[in-house]
Each structure stands twice: as structure tokens, then as C-alpha cells.
Amino acid sequence: MSSSEKPRHKPKVWSGRFDEPVTDLVKHFTASVGFDQRLAEFDIDGSLAHAQMLHAVGILTAEDLASIERGLEQIRSDIRSGAFEWSVDLEDVHLNIERRLTDLVGDAGKRLHTARSRNDQVATDIRLYLRAAIDRMLVLVKGLQRGLLDLAEKHTDTVMPGFTHLQVAQPVSFAHHLLAYFEMLSRDAQRLADCRKRVNRLPLGAAALAGTSFPIDRQMVAKALGFDGVCENSLDAVSDRDFAIEFCSCAALLMTHLSRFCEELILWMSPRFGFIDLADRFCTGSSIMPQKKNPDVPELIRGKTGRVNGHLVALLTLMKGQPLAYNKDNQEDKEPLFDTVDTVTASLAVFTEMLGGIEVKRDAMREAARQGYATATDLADYLVKKGVPFREAHEAVALAVRHAETRGKDLAELDLAELQKFSKLIEDDVFDALTLEGSMAARSHIGGTAPTRVKQAIAKARKAL
Ligand code: ARG
């Protein structure tokens, strides 16, 4: 081959032992560069730390290290500017960067892969990626929690029906209802922070699976990359993706919480409830029905929960049959993981924005609570406080509700004489217990809906943020 002739195919870095190149179909089937290029900057960070360690232990010369550093920074800036040319011939993000490095700095680039393998390299990249993603998510969760507290603060006296079985149960404040989601999100944040501890361990040094014969310093690399420690077993380090699965399970729960909230917003926005209105900027119209204003944003978040749950199952299934150590199956971990991160971060951001655009219709909420015999339990409690056993009180109030229903009245609208038909012990003070405000105020223990208590809960939550 003369120097002007080009080889028909760029040989793969591993192709020395092969007689023929992979077919075009196989090349595209096995390549991951189309999606794993988003690991590029983490790959560069990992390579820099690795090269610095190789120099520190005497494997790389200072000149080689300097060349590698210069080349990798050049590549980083080319990737950022979009000038970097990705090639599917080079399979994945790691080989693309390594080849470019060698083109830029020559032999020093070829020395970078000493004492490592793509197996520990990719495991490191994913962990760095996921750690950054978790940190961004935690900020977003906090932002949403802050939004909940801002809204709750305005509604400690806003009465709405609390539901069980989606039937009116007892009056609660809208603030109290919002704080329920605050609690769920607090646990989501705790779970993510806990998961982060297991993500934040360094696989590099495991090399292909068994470790390396070079005198590497794994602690040094861990420290440089901000890991809390190293993976203790090389086989485990390159093969398990339990940290990604764990993350997806945290994400699935988080989305499940958002989805429940979205379901409520959708119901509440329906004219049948009419508890809230969503700002137009979060809704869309219908191409055929001119009257429509649809809650697309909460519907989409509810819908996207399905794909996040799906990714969790995909990763569990990906892992379950794999023998130790690394298998190419693991290349399939990326797309579900990336999409989970993208979906959750987008959902959190848009939900937070949407929360600021909710119009609360206090009168409709109040009316719904008033119509649903929401204070029936309070009447029973009133009788118990006068000495009636609870079961008897329950029965008496059930009869009173039936009576009120036939009259088309609320309990508080019955007059004293009518109420006394159900118990002689009922006196004039009963009407305090029957009001929505009285009912709420009476539940002033920790975790109760009394406005005084909810205000304290909000203050406590603010402090915790
Ligand atoms: N692209 C591969 C992945 O995502 C990198 C590791 C390849 N290792 C190998 N032995 N083929 O898992």
C-alpha cells in the first residue's frame, strides 16, 4: 500500500487477532457512541486522574503526562464547541477519545490505556455521570419543596375536603395536603442522597476484571475524582450495576409521587371539582373542541412515570442473568439510565414552575367540604366526649347523616331540636364542633391539620430545607 492509499477500513484497536473486519450491520449493532458520547467529559476527567496517577507511580513520564493533559483538554474544548468528529467505526466514547488523543499527541496517547480497561473505565464514567445527575436532582427536589412551602403558607386556613376512597372524608387545610407531598419528597431526597454514597466508589484499577500487574494507586485516583473510596473487589467493580438500578428505583418512587400529585391536579382542575385552575401556559387546547383547556403538563408527568418504572425493570432484567464479570449486556445500561435522569429532571423542573401557576379556588374547596358531611366524625367525637361509647356515637351520627341527606341539608344546618332526636346529650355547643374550622382546629397534635399546627410544620420544614 503506497502512502497515499488509505486502508479500506480503520482497524479497531482490538482487531489484531481478527482475520476480517466486522460487517457493517455488526458495527452499528455493537457501537454505543451514538448514546455514550454524553459521558465524554467524565471520561476525560477519569483519564486525566488515571494519567496523573500513572505518572506519580513512575509509569508515565512527565512529558507524556503533559502531552496527554494537553490533548485531553483540546478534545474537551472540541467536544464542547461541537467540532469533535465522532466516528461509529470507533465504537464508543472511550475509543473515540483515545484515538483522537493519539492523533493529537502521538505515542503518549497510546500509553494512556496502561493499567486500565474499558470495563473499569466505563464503570467509572457512569458513576461520575450519575453522581452529578443526583446532585442536580437534589437541587431540583429542594426547589420543588420550597415551592410547596410557599404555596402552603398562603393556605393554612383554606379548607378542602380530605378524601378516602375519593369520597369526602374530613376537612383538611390545603396547606396540610401540600405538606403531605413535602414529606414524600423529603424521603425521595433522602433516598437519593443515600444512593449517592454507593454510587460514589471508584471502579478504576479493576482493569478488565482481575486488577492489574502495575503498581497503581487507586486511592489517589479516587481522591482526585472526588470518590469516597474504591470498589473493594475488581470483579464486582466492573460488572455490577446495582447502583444504577438503585438510582432508578429512587427515581421511580419520586416519579410516582409526582404522578399522584399530578393526578390530583388533573381531577381538581376538572369542572366537577373546580378546586384549582392551572395557568394557561401549562395547558393546551383541543384541535376540534373549542371549549377545551387540557392539563397536558400534569398528564405528561403522570405518563412519563410509566417510562421511568419501565427503565427500572429494564435494568433489573439486564442484570439478573449475567455471570461475573463484565458482559457486553452492560452497554445497555446507559439509555435507560440517561432517560431516567432526563425524565426526572425535566419533570421536576416543569412541576415546580407549574406549582407557581396554580390558582386556588377556595370557595369551591370549601363548598365541597361543606356538602360532604365532612364533620360527621366530629359529631361522633362530640358525643364520645359526653360519655357515649364510640360505636354508639357512630351509629347515632350515621342516622343523623341519613336524616340530613333526606332534607338536603348539611349537619350544621339541622336545628338543635332535630339533632337532639339522635342523642339527648346534644347541646347548643354542638355547632362549634360541626363547623369546618372547628373540625380542623381540633386536630392540633403533631401531624394534624389544625392551622396552628400546620404553621409550625411549615416553619419546621423551612428549617429542614
Ligand atoms: N461501550 C462499552 C460499554 O458501554 C464499554 C466497555 C467495553 N468493554 C468491552 N470489553 N467490550 O459497556
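Structural remarks
- Meets criteria (open to solvent by less than 70 Å² (accessible area, probe 1.4 Å) and touching a Cys at 6+ places or on another chain (Cβ under 6 Å)) for ILE358: no
- Number of positions in the range 105-121 that are in contact (Cβ under 8 Å) with a residue 40 or more places away in the chain, part of a helix (DSSP H, G or I) and either within 15 Å of ALA40 (Cβ to Cβ) or open to solvent by less than 10 Å² (accessible area, probe 1.4 Å) (or both): 4
- Residue in the range 89-104 that is open to solvent by 50 Å² or more (accessible area, probe 1.4 Å), away from the ligand (no atom under 16 Å from the Cβ), farther than 30 Å from PRO336 by Cα and not β-branched (Val, Ile, Thr) present: yes
- Test: residue in the range 379-387 that is acidic (Asp, Glu) and loosely packed, with under 13 Cβ neighbours inside 10 Å: no
- Leading residue by the ranking (surrounded by the most Cβ atoms within 10 Å (Cβ to Cβ)) among those in the range 314-355 that are more than 16 Å from the ligand (Cβ to nearest atom) and among the small types (Gly, Ala, Ser): SER347
- The single condition from (1) part of a helix (DSSP H, G or I); (2) touching a Leu at 6+ places or on another chain (Cβ under 7 Å); (3) of a type in the set (A, V, I, L, M, F, W, C) that TRP268 fails is (2).
- Only one of the listed residues (ALA193, ALA206) is touching a Ser or Thr at 6+ places or on another chain (Cβ under 6 Å) and either closer than 24 Å to ILE245 by Cα or buried (at least 17 other Cβ atoms within 10 Å of the Cβ) (or both). That residue is ALA206.
- Checklist (1) within 16 Å of the ligand (Cβ to nearest atom); (2) over 17 Å from the mean Cα position of the chain (by Cα); (3) among the acidic types (Asp, Glu) applied to ASP363, failing item: (1)
- Failed condition for THR305, given (1) among the hydroxyl-bearing types (Ser, Thr, Tyr); (2) at pLDDT below 95; (3) surrounded by 20 or more Cβ atoms within 10 Å (Cβ to Cβ): (2)
- Residue within the range 32-44 that is more than 37 Å from the chain's Cα centre (by Cα), among the hydrophobic types (A, V, I, L, M, F, W, C) and open to solvent by 40 Å² or more (accessible area, probe 1.4 Å) present: no
The values are calculated or read from the model by the stated rules, or taken from the named source; none is laboratory data. Only a predicted model underlies this, so the values are computations on that prediction, with no experimental measurement involved. Reconstructed Cβ throughout: ideal geometry from the backbone, glycine too, with neighbour counts over all protein chains shown. Please note that ligands, DNA and RNA were not included when accessible areas were found on the heavy atoms of the full protein model with its side chains. Shrake-Rupley method; radii C 1.70, N 1.55, O 1.52, S 1.80 Å.
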